[in-house]
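The values are calculated or read from the model by the stated rules, or taken from the named source; none is laboratory data. Everything quoted here is computed from the prediction, not taken from an experiment. Note that each Cβ is placed from the backbone with ideal geometry, even for glycine, and that neighbours are counted across all protein chains shown. Heavy atoms of the whole protein, side chains included, go into the accessibility calculation; ligands, DNA and RNA do not. Shrake-Rupley method; radii C 1.70, N 1.55, O 1.52, S 1.80 Å.
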Amino acid sequence: AKKYRRTRYRLTVDYASMMGSTCLGLLRRDMYCGRVAHLVNPNLDILTNKDKRPADDTTAPIMPYEVLSTIKARLQVDSVNIVNGSLTYGERITTGSPPAAINFDSMNVTIGGIANYCCDYDFTRISARGRFMQEGALDIRMVIPAANPEFSLEYSGSLGPMSLTAFNPFIKVAEHVRIKSGEL
């Protein structure tokens, strides 16, 4: 974390369950494995401060395999099912101003093959359907390398028809422009 520029993450989940977990590994704190994790109504809210210029930082962003390798215990989840999830990403441009925000809601997501250095999962597969900015139907498929230091993401998706004015909550704050009309 930097002194002035901190990204805040807030995650709330109404209900979570895990089936097929390794109880002994959990008690020993050396193995976190399960067959299916089920999350109902999770809400992830991310806020990034853009109000101060970042210091010259030449470090590369952390890759998925690096994040997973920091977990010393064995981690393996065969699949994660998210029902009615939402994600809000906001950028605070100036101190005290409301954030420029985009959101995804009504998201139903399936994530398969989450593991660190313990298993046969080379890739994590993500399939998601929901709404973008409360209007456009969104369908995304991704394949992310879980253990490979070279990050080459495969993805495809579609965004259904929506009004371009739905982008105003973000671009009015971030870019000081407003879309009056238009269809995507």
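Assorted remarks:
- Within region 16-38, residues that are farther than 16 Å from ASP78 by Cα and open to solvent by 40 Å² or more (accessible area, probe 1.4 Å) sit with their Cβ atoms under 6 Å from residues that are at pLDDT below 75 and not aromatic (Phe, Trp, Tyr), at 6+ positions apart or across chains, in these pairs: ASP30/ALA73.
- Qualifying residue in region 51-58 (condition: over 16 Å from the mean Cα position of the chain (by Cα), within 30 Å of MET107 (Cβ to Cβ) and modelled with pLDDT of 75 or more): no
- In region 118-157, residue modelled with the lowest pLDDT [restricted to those that are small (Gly, Ala, Ser) and part of a loop (DSSP other than H, G, I, E, B)]: ALA147
- Residue selected from region 93-118 under the condition surrounded by fewer than 19 Cβ atoms within 10 Å (Cβ to Cβ) and in contact (Cβ under 8 Å) with a residue 60 or more places away in the chain, by the criterion farthest from ASP30 (Cα to Cα): SER97
- Residues of region 166-184 satisfying the condition of being assigned to a helix (DSSP H, G or I), open to solvent by 60 Å² or more (accessible area, probe 1.4 Å) and in contact with a strand residue (DSSP E or B) (Cβ under 7 Å, 6 or more places away or on another chain): PRO169
- Exclusive hit being open to solvent by less than 70 Å² (accessible area, probe 1.4 Å), more than 17 Å from the chain's Cα centre (by Cα) and among the small types (Gly, Ala, Ser), set SER163, SER127: SER163
- If you go through region 67-92 and keep only what is outside any strand (DSSP E or B) and without any contact (Cβ under 8 Å) to a residue 60 or more places away in the chain, you end up with VAL67, SER69, THR70, ILE71, LYS72, ALA73.
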